[in-house]
Amino acid sequence: MDQIVTSRLLLRAWTDADAEAAYAVLSHDEVWPWLGAEPRRCPDVAAARRTTQRWTAMADVVLGVWAIETPGASDVALQPCGSVLLLTLPRSDGSESDAVEIGWHLHPSAWGRGIATEGAAVLVERARAAGLSRLHAVVRPGNARSLAVCDRLGMIRLGETDAWYGTEFVDHVLEL
């Protein structure tokens, strides 16, 4: 997985050394209820390490889960402060999918600074350069912050669906 640098961010692979930061994100009461098909709080640092190892193993030339660092931003205490991702979006019925999901999850100390939008925008360009034609974002109903990121990215809100992950999400699409 290659590193991606923007004017404010460093996107890179998660490492075992990042397990405590991942745990801080994945166990935070304002974050975990929005994540995954069946949200549950990350129980400990060891589980967070296993999650980051799984993310690292999922990476390929285009897809992956990148740790977000904010070099020089003293107001964001946690480093890495979260993730941005491009992953194959699994269909609820188990049939094969070529849909690609863009997503993000950040620690609340990084909220409100445009970090999710900036990191996701870079991945939109990565997907476009790789020849992908469309990206989806699936957001739990009520997750106003993530819905707003989708809006800032120019995504079209398709509405609620249970087509992905076997649960109800608000589906968004961005034609590339």
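Here are the numbers for the structure shown:
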| read-out | value |
| --- | --- |
| Total residues in segment 27-38, condition without any contact (Cβ under 8 Å) to a residue 40 or more places away in the chain and assigned to a loop (DSSP other than H, G, I, E, B) | 2 |
| Some residue of segment 24-41 being polar (S, T, N, Q) and out of contact with any Cys (no Cβ under 8 Å at 6 or more places or on another chain) | no |
| Among the residues listed as Ala129, Ala148, the single one being surrounded by 13 or more Cβ atoms within 10 Å (Cβ to Cβ) and either farther than 21 Å from Ala22 by Cβ or in contact with a Gly (Cβ under 8 Å, 6 or more places away or on another chain) (or both) | Ala148 |
| Those residues of segment 40-62 which are over 25 Å from Glu30 (Cβ atoms) and of a type in the set (Gly, Ala, Ser), in sequence order | Ala57, Ala59 |
| Criterion violated by Gly94 - all others in (1) within 18 Å of Arg126 (Cβ to Cβ); (2) without any contact (Cβ under 8 Å) to a residue 24 or more places away in the chain satisfied | (1) |
| Selection count where residues are in contact (Cβ under 8 Å) with a residue 12 or more places away in the chain and either under 29 Å from Ala127 (Cβ atoms) or small (Gly, Ala, Ser) (or both), scope segment 40-62 | 14 |
| Selection within segment 57-101 - hydroxyl-bearing (Ser, Thr, Tyr) and buried (at least 17 other Cβ atoms within 10 Å of the Cβ) | Thr70, Ser83 |
| Residues of segment 25-60 satisfying the condition of being over 15 Å from the mean Cα position of the chain (by Cα) and modelled with pLDDT under 95 | Glu38, Ala57, Asp60 |
| Any hit, segment 7-24, residues being closer than 25 Å to Asp162 by Cα and either modelled with pLDDT of 95 or more or surrounded by fewer than 18 Cβ atoms within 10 Å (Cβ to Cβ) (or both) | no |
| Residue selected from segment 151-176 under the condition free of Cβ contacts under 8 Å to residues at least 24 places away in the same chain and not small (Gly, Ala, Ser), by the criterion surrounded by the most Cβ atoms within 10 Å (Cβ to Cβ) | Met155 |
| Residue in segment 110-120 that is under 17 Å from Asp60 (Cα atoms) and out of contact with any helix residue (DSSP H, G or I) (no Cβ under 9 Å at 6 or more places or on another chain) present | no |
| Qualifying residue in segment 35-52 (condition: touching an Asp or Glu at 6+ places or on another chain (Cβ under 7 Å), of a type in the set (S, T, N, Q), buried (at least 17 other Cβ atoms within 10 Å of the Cβ) and under 21 Å from Ile102 (Cα atoms)) | yes |
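The values are calculated or read from the model by the stated rules, or taken from the named source; none is laboratory data. None of the values given here were measured: they were computed from a predicted structure. Please note: Cβ atoms are built from the backbone with ideal geometry, for glycine as well, and neighbour counts cover all protein chains shown.
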